[in-house]
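This report refers to the structure that appears directly beneath it.
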């Protein structure tokens with residue numbers, strides 16, 4: 001399966017360890033288009049329906065974007081739980097992240113990954 005940046009997939013993140021996010025849940029692909037189709041893995045951030053006001057570590061996806069995202073509830077991208085997963089963990093494509101949330105996610109990633 002070839003994934004593209006900012007696509008949303010349903011993925012099986014089990015087994016989890018410690019404070020990692022687990023279970024079957026949506027994830028958003030965050031890797032660069034430069035590695036699209038090169039690897040059999042994808043770099044993702046998990047998505048949760050447990051909303052938070054932590055604006056640096058979360059990007060809110062409003063429910064009105066459901067036709068684009070494929071999500072069934074208002075959700076947050078958990079920016080600080082970045083992980084690389086084998087594409088075999090991806091169950092199906094749900095949709096794509098809307099432009100406004102892409103911009104917020106890019107800013108949050110730049111902030112938390114700045115070295």
Legend entry - Among the residues listed as 80, 65, the single one being closer than 18 Å to residue 113 by Cα, out of contact with any strand residue (DSSP E or B) (no Cβ under 7 Å at 6 or more places or on another chain), modelled with pLDDT under 95 and part of a helix (DSSP H, G or I): 80
Legend entry - Filter result (without any contact (Cβ under 8 Å) to a residue 40 or more places away in the chain and surrounded by 16 or more Cβ atoms within 10 Å (Cβ to Cβ)) within the range 41-57: 46, 47, 48
Legend entry - Of all residues in the range 4-40 being in contact (Cβ under 8 Å) with a residue 60 or more places away in the chain and assigned to a loop (DSSP other than H, G, I, E, B), the one that is surrounded by the fewest Cβ atoms within 10 Å (Cβ to Cβ): 20
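The values are calculated or read from the model by the stated rules, or taken from the named source; none is laboratory data. Everything numeric in this text was worked out from a predicted model, so none of it was measured. For neighbour counting, all protein chains shown are included, and Cβ atoms are generated from backbone atoms with ideal geometry for every residue, glycine included.
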